[in-house]
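Taken together, the values in this text are just the output of simple stated rules run on the coordinates, not laboratory data. Quick caveat, the model's predicted, so the values are computed rather than measured.
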Amino acid sequence: MIAATRVPEGMPLPRWLRLAAAILPVAATAVVGSVATQAEIPGWYASLNKPVFNPPNWVFPVAWTLLYTMIAVALWRLLGARPGTGPGRQVWWLALAAFLVQLILNAAWTPVFFTAHAIGAGLIVVAMLLVMVLWTIRLTWRFDRTAAWLLVPYAAWVAFATLLNAAILRMN
């Protein structure tokens, strides 16, 4: 049995714990997305009407690999910015919660859109994701501006994905 690691108030998280806590949820999100899209790209997704600004399929895994790397680094930095005590501690927990909620929404969008073929529901999920990413940036800014900036390309990509999802919904 592995004993739980309890970090005393005011102590920074051990590096290995921070690294695992940053990489594992982001990697899990990436795996969910990959599994949900693999079979759907050549069949269902290929059959959809798409707008002229739809990128070629190879762009998506390249973009997401870069974005997931930046998201993991941002989370790693946010975890390292953990305040010891005071009112900032509650806001840090809120920033961390927002970060995790946006990861959950990220992981949810792909199965909703690709596996369930629910384009309208996908639009709702991706719009909520955009709001949560922007809120995460705002909350993270207080603790680590580099972490917040690392999330800006992610917000831009999710804004583009929202537009693309809306256009696909309209065309199908």
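Before moving on, here are some points about what is shown:
- For the chain, adding -39500 (n - 2.57) for each run of n ≥ 4 DSSP H residues and dividing by the number of residues yields -24000 deg cm²/dmol at 222 nm.
- For region 95-172, diffusion coefficient by Stokes-Einstein and Kirkwood Rh (Cα), 20 °C, 1.002 mPa s, µm²/s: 169 µm²/s
- Residue with peak Gaussian network fluctuation, the chain [Cα springs, cutoff 10 Å], from Trp16, Trp157, Trp92: Trp16
- Over the chain, relative contact order from alpha-carbon pairs under 8 Å, at least 6 apart, %: 31 percent
- If the convex hull is drawn through the Cα atoms of the chain, its volume per residue in Å³: 119 Å³
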